[in-house]
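*Asks:* Pasting a structure here, questions to come.
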Amino acid sequence: MDNPTPGHGTPRPKGTIRASAAAVFVALALATVGCTADIIVRGNAVDQEKLTQIQPGVQDRGTVRELLGSPTNVATFDNETWYYITQKDQTVAFSKARPLWREVVAISFNGAGRVTKVKKYSLADGRKIKPVDRKTPTPGQEFGLIQQLIGNLGRFEQTGGADGL
């Protein structure tokens, strides 16, 4: 056997080994970079210095809006409490975001629009809730796919001619 088949018994060139090692290194580096944590900050971060300027009985809604900006949320039922919410989350690759830090500033107003109370809440003040799995019943019958297909047979209306009659 004077001509051995390439790949069987012949040594690989050193450049091929280096290229393979480089490819493996690049793949590992990309996998490692893809698994690093992302930090995401959301919400309306309140300037703590401006927050200390807000005193109950002194400021009104307009002054609070000038100092802190528009609230993140307003109380649903009475519109007398403004919420400024900021949260910092961490995500790794495709995992669910995990909250690292949260601050909620609640500013309550009286009927005249003056500040009555300023409260701060943190992540530790939050409570986990379990959503209710119940479903609201709807009247009527539930049809399966076959029943819907068969039920529509013969229900097609014939449209009129060219003049729409």
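*Asks:* Note the count of lysine pairs whose C-alpha atoms are less than 19 angstrom apart in the range 37-130, limited to pairs 8 or more residues apart or on different chains.
*Replies:* Value for the range 37-130: 9.
*Asks:* May I ask you to sort Arg114, Arg65 by Cβ crowding, counting other Cβ atoms within 10 Å and putting the fewest first? Provide the component values of the computation, followed by the final result.
*Replies:* Values: Arg114 16, Arg65 13.
Starting with the residue having the fewest Cβ neighbours, the order is Arg65, Arg114.
*Asks:* Check which residues have an amide H placed less than 5 Å from Gly69's amide H, if you skip close sequence neighbours.
*Replies:* Hits under the 5 Å cutoff: none.
*Asks:* Something else now. Bin width 5 Å, origin at 0, all Cα-Cα pairs of the range 37-130: what percent of pairs per bin?
*Replies:* Final binned percentages: 3, 13, 21, 22, 16, 11, 8, 4, 2, 1.
*Asks:* Something else now. Can you sort Tyr121, Tyr84 by how many other beta carbons sit within 10 Å, fewest first?
*Replies:* Numbers: Tyr121 14, Tyr84 22.
Placing the least packed residue first, the sequence is Tyr121, Tyr84.
*Asks:* If we count other beta carbons within 10 Å of each Cβ, what is the order of Leu68, Leu123, fewest first?
*Replies:* Details: Leu68 20, Leu123 13.
In order of increasing Cβ crowding within 10 Å: Leu123, Leu68.
Since every read-out is calculated from the coordinates, none of them should be taken as a lab result. In this text the structure is predicted, and so the values were computed from the model without any measurement. Here the Cβ is made from the backbone with ideal geometry for all residues, glycine too, and neighbour counts use every protein chain on show.
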